[in-house]
Amino acid sequence: MRELGVPLERDLDGLDWRDESLGARIRVALWLRDEVGVGGTFTKQQVRAAVSGTEQVDRRMRDLRPAGWEIRNYRDKPSLRPDELFLERIGRPVWEKEHRAAGLRQISARTRRQVYERDGHMCRRCGVAAAEEYPDEPGSHARLTLGHVRPHRSGGAAGPEDLLTECARCNETVRHLTGVQMDREQVWDRIEQLPGKDRKNLLAWMMHDAREQTPTERVWGMYRQLPAELREQLKRDLYDLLRR
């Protein structure tokens, strides 16, 4: 990684990744170009420290991939440590006006709301609700985002039918699935262990390619996406209602 402040011959555009008036995606791209360079390694922590005060820096970095940027991790480059990333290729110069939207697909607020409501404000992969604590990761709470049924880099569209609600953890995991995480036999063994009623429910979910939610589950998903203050109010209201 280069020392900060060392001028590069190619930096003729005068743009600086420290300029907070630039968008996070552009700042991340400039930082990778100027401070890492093709063939360089870095960590997510270094990106966050450089482009601080910006939400979802990791996502802005991932948004470079559909624009031709190739960023490897330890899953596809075993020589890397788990916390290391490798800049293999710099894609389109997203800091230039004509390339600003390269690789991006705009999802309207209406579409985003429609998908969240359709999925009951719950992750379609693991079933966790917005802001709910992960059972296997105490202290870590789910943040919902939108995933693509067909990966962006493979040309998937961005309509409601092309999107599904995912928690950030599942969204990140799915991006790196290699096909050897679970095999058919492992899943089938678990299916065989289910009671008959649960097998029928599972088949219904498979046929619809979605987990059918009970009215209680749908309300739970809506409740979990509310701010903490409103959740507390509803909790007290329901408690009082049941005491009447």
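The values are calculated or read from the model by the stated rules, or taken from the named source; none is laboratory data. These numbers were taken from a predicted model, which means no experiment stands behind them. Positions of Cβ are generated from backbone atoms using ideal geometry, with glycine treated the same way; all protein chains shown enter the neighbour counts.
If we keep just the residues of the stretch 202-219 that are of a type in the set (A, V, I, L, M) and at pLDDT 75 or above, which is nearest to residue 78 (Cα to Cα)?
Looking at the filtered set, the residue picked out is 206.
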Practice problem: Among what's in the stretch 162-201 and is of a type in the set (S, T, N, Q) and loosely packed, with under 11 Cβ neighbours inside 10 Å, pick the residue that is modelled with the highest pLDDT. | Solution: 193
Exercise. For the stretch 202-227, enumerate the residues that are loosely packed, with under 14 Cβ neighbours inside 10 Å and closer than 18 Å to residue 126 by Cβ.
Key: 205, 206, 208, 209, 212, 214
Quiz item: Going by the structure shown, is residue 129 surrounded by 13 or more Cβ atoms within 10 Å (Cβ to Cβ), of a type in the set (A, V, I, L, M, F, W, C) and over 30 Å from residue 41 (Cβ atoms)?
Solution: yes
